[in-house]
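Each remark here refers to the structure printed beneath this line.
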Amino acid sequence: CLATAERAVAADTNSARARLSVGICLAKNFPYVDNQTKVNYSRRLKEETERAIALDPKLDLAYHMLARWHFEVAEMNFILRGIAKLVYGGIPQGTLADARANFEKALALAPRRVIHRHQLAQTLLALHKRPDAIAQLQHCLTLTPADKDDAEAQQAAAKQLRDLGVATESKALAGGQ
């Protein structure tokens, strides 16, 4: 995946989708690489995603990836952040406020994408905005999934609402039927 995305960037350095593909591939490789590589990939994921946005400010998935990056870095525990700084020179600062802003931008560009809304709900929960998060999760259940990622996010939203003790009635609860 990563080698193919890098070849696409080499073929067209001004392709926002190629840059975004590099970021997505880097994220998909995180579970399989060592800590130093994760730190390097993290920096690069942010850079490639920001380049994709600069090249195409209407690319909703680029805002989604940048928001996910901010969320993950902001939620990194203190010990891991200290180790990354001490051993690897640190990683750029990520904030939940930036995660929220980028998920909201992704939603403004693609309001029917369940993945954007579901991840915004996770950010709102982390920001202790439970009523707003629940509203986003409930909205997830009213949407028609655009793809497999949306369908999985919709199922996760339904489960999360149940786990939060919120009654739901939706096609998502019936397995998307």
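The values are calculated or read from the model by the stated rules, or taken from the named source; none is laboratory data. In this text, all values refer to a predicted model and were calculated from it rather than measured experimentally. Every residue, glycine as well, gets a Cβ built from its backbone with ideal geometry; the counts of neighbours run over all protein chains shown. Accessible surface is based on the protein model in full, side chains and every heavy atom, while ligands, DNA and RNA are left aside. Shrake-Rupley method; radii C 1.70, N 1.55, O 1.52, S 1.80 Å.
Summary table below
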{"item": "ALA126/ARG17 FRET efficiency (R0 25 Å; Cβ-Cβ; nearest 0.05)", "result": "0.30"}
{"item": "ASP147, ASP163, reordered so the largest accessible area comes first (probe 1.4 Å)", "result": "ASP163, ASP147"}
{"item": "Electrostatic dipole magnitude of the chain [Cβ: Lys, Arg +1; Asp, Glu -1; Cα centre; debye, to 20]", "result": "120 debye"}
{"item": "Accessible-area order (highest first, 1.4 angstrom probe) of the listed residues PHE71, PHE103, PHE30", "result": "PHE30, PHE71, PHE103"}
{"item": "ARG7 accessible area, 1.4 Å probe, all protein chains in place, Å² to nearest 10", "result": "150 Å²"}
{"item": "Accessible area, probe 1.4 Å, largest first, for residues MET65, MET76", "result": "MET76, MET65"}
